[in-house]
Amino acid sequence: MKTGVLGGTFNPPHLGHLHAARLAKDALGLDRVLFIPTNIPPHKSLPANTATADERCEMVRRLIADEDWAFLDTLELARGGASYTVDTLRALRARGEDDLYLIVGTDMLLSFDRLWRAPEEIARLATLAVCARAADDWAQIERKAAQLRSTLRARIALIRGASLTVSSTELRQGGALRRFTPPAVAAYIEQKHLYGF
Ligand code: ATP
């Protein structure tokens with residue numbers, strides 16, 4: 001079974017996440033994609049008005065409700081502590097997942113060998129599937145992919161396709177919620193008054 005892994009804070013989840021996951025699924029013929037909310041992100045401090053873990057999970061459920069290939073997986077929340085991707089990939093391997101594709105956007109690829117714990121091991125455990133967060137990201141993605149292929153012998157798949165440029169930060173700051181989240185996610189954010197909505 002070919003399994004995609006999309007880790008993130010999902011604070012909130014948005015159509016950019018779903019778009020990247022779908023592009024990777026279609027390009028690589030993935031059987032499914034696991035959406036894995038982080039417990040504590042090691043390299044990002046969560047803003048003061050952050051949604052709770054339960055709320056982030058509920059929003060992910062709503063984001064993927066119509067997609068039969070997409071699943072919420074709460075293993076990082078269940079593990080507790082700082083969420084290191086290498087630990088997550090090891091746990092998935094131990095569960096019998098032996099064909100893993102780690103879906104990342106431009107920002108995550110560029111910081112891969114600088115910020116991530118045990119990048120060599122991650123590169124052994126999964127193929128990186130890289131989506132551009134903006135259309136003009138490709139030159140830097142290609143440079144970085146070439147470097148990681150040679151230094152870490154990483155397997156990297158470049159997922160070409162139109163970008164959907166949006167971030168959770170923009171949405172928390174009052175960005176166009178209904179344009180970049182499905183109605184069920186927007187309704188939940190408004191009903192719970194998350195992020196000041
Ligand atoms: P924040 O703005 O709070 O930092 P974010 O929008 O970057 O959040 P995350 O949940 O941290 O969202 O991202 C999870 C993963 O999804 C990362 O690998 C990130 O690069 C990728 N990603 C997020 N938004 C997009 C997008 N619009 N297109 C492609 N990949 C994306």
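The values are calculated or read from the model by the stated rules, or taken from the named source; none is laboratory data. Keep in mind the model is a prediction, meaning the values are calculated, not measured. Methodologically, a virtual Cβ is constructed for each residue, glycine included, from the backbone with ideal geometry; neighbour enumeration extends over all protein chains shown. Side chains are part of the model used for accessible areas, which takes the heavy atoms of the whole protein and leaves out ligands, DNA and RNA. Shrake-Rupley method; radii C 1.70, N 1.55, O 1.52, S 1.80 Å.
Which of the helices (runs of 4 or more DSSP H) contained wholly in region 91-197 include at least 2 residues that are open to solvent by less than 60 Å² (accessible area, probe 1.4 Å), within 21 Å of residue 14 (Cα to Cα) and of a type in the set (A, V, I, L, M)?
The helices (runs of 4 or more DSSP H) meeting that bar are 183-191.
Only one of 132, 145, 162 is more than 15 Å from the chain's Cα centre (by Cα), under 20 Å from residue 4 (Cα atoms) and within 14 Å of the ligand (Cβ to nearest atom). Can you tell me which?
Testing whether each residue is more than 15 Å from the chain's Cα centre (by Cα), under 20 Å from residue 4 (Cα atoms) and within 14 Å of the ligand (Cβ to nearest atom) leaves just 162.
So residue 33 ticks every box in (1) at pLDDT 95 or above; (2) open to solvent by 50 Å² or more (accessible area, probe 1.4 Å); (3) under 23 Å from residue 123 (Cβ atoms) but one. Which box is left unticked?
All conditions are met except number (2).
Checking the conditions here, which among 139, 94 is away from the ligand (no atom under 16 Å from the Cβ) and closer than 24 Å to residue 163 by Cβ? Write out each step before concluding.
On the way: 94 fails: closer than 24 Å to residue 163 by Cβ.
Testing whether each residue is away from the ligand (no atom under 16 Å from the Cβ) and closer than 24 Å to residue 163 by Cβ leaves just 139.
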